[in-house]
Amino acid sequence: LSEFGFYQGSMAATFALASFSSGYFIKRFGQRACFIFGMGSAGIFMFLNLLLIFSGVKNPLIITIVVQFLALGIIFPVNILYPLSLDAVPRAKARISALISSSRFILTAVTIQIVSYIYDGTFMFIGLSMFLILGLMFICCFKLFREEKNIFV
């Protein structure tokens, strides 16, 4: 517990550094390459997360290192898809932004509430919830790219 701030701080630092530098990387390597990197990092997280769940690891340092892949994995898809989604319907940016934000907050609140009911002090249910939500994201992205061939600028 005395080291919790260091774990959270490392997560925040990873997310902040990657977020601030994402514009540079998108310009340098392009949206498609950065998106694929983000999805690949999220995929690595999913694989390592399953290993954590099934092995019963309780070491917070190992869990934090694995979750760092998630922090890296969500930055590019969010920074690329969010602005594109705002242009999906002309003159509806405010409504689309509100719909995306409220959907994300509701999904987060419901997931946290469900996990809090079944939480047993281990990483298993937290990791499983992250795995399921990220799996839902992969399915949505797959459907999006199957429908829209030229989504990247």
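Any read-out appearing in this document is the output of simple, stated calculations on the displayed coordinates, not a laboratory observation. Keep in mind the model is a prediction, meaning the values are calculated, not measured. With ideal geometry, Cβ positions are generated from the backbone for all residues, glycine too; neighbour counts draw on all protein chains shown.
Find which of Ile65, Tyr24, Ala13 sits farthest along the positive direction of the dipole of the chain, computed with +1 on the beta-carbon of Lys and Arg, -1 on that of Asp and Glu, about the Cα centre. So the residue furthest toward the plus end is Tyr24. Between helix 93-118 and the chain there is an angle of about 20 degrees, using the helix long axis and the longest principal axis of the Cα atoms.
Compactness ratio of the range 32-73: Cα Rg over 2.2 N^0.38 Å, N = residue count?
Working it through for the range 32-73, the quotient is 1.21.
Give me the Kirkwood hydrodynamic radius of the range 1-90, using the inverse of the mean 1/r over all pairs of distinct Cα atoms, in Å to one decimal.
It works out to 14.3 Å.
Taking Cα atoms only, the orientation of helix 60-86 departs from the longest principal axis of the chain by about 20 degrees.
With the alpha-carbon atoms of the chain aligned to their principal axes, the span from lowest to highest coordinate is 47, 34, 27 Å, starting with the largest.
How far, in degrees from 0 to 90, does helix 4-29 lean away from the longest principal axis of the Cα atoms of the chain, to the nearest 10? So the helix axis and the longest Cα principal axis differ by about 20 degrees.
Magnitude of the charge dipole for the chain, about its Cα centre and with charges confined to Cβ atoms of Lys, Arg (+1) and Asp, Glu (-1), is about 560 debye. Our summary gives the chain a relative contact order of 29 percent, counting only alpha carbon pairs under 8 angstrom and 6 or more residues apart. Highest mean first, the peptides 71-84, 42-55 sorted by other C-beta atoms within 10 Å per residue fall in the order 71-84, 42-55.
Can you quote the Å³ per residue value for the convex hull of the Cα atoms in the range 70-126, rounded to an integer?
Dividing the Cα hull volume of the range 70-126 by its residues yields 80 Å³.
Based on DSSP H segments of at least four residues, each scored -39500 (n - 2.57), the chain has a per-residue ellipticity at 222 nm of -29500 deg cm²/dmol.
Summing charges over neighbours of Ser97, with a neighbour being any other residue whose Cβ is under 15 Å away from its Cβ, gives +3 when K and R count +1 and D and E count -1. Subtracting the Cα-Cα distance of Cys140 and Ala13 from 0.36 nm times their residue separation leaves 42.9 nm of extension gain.
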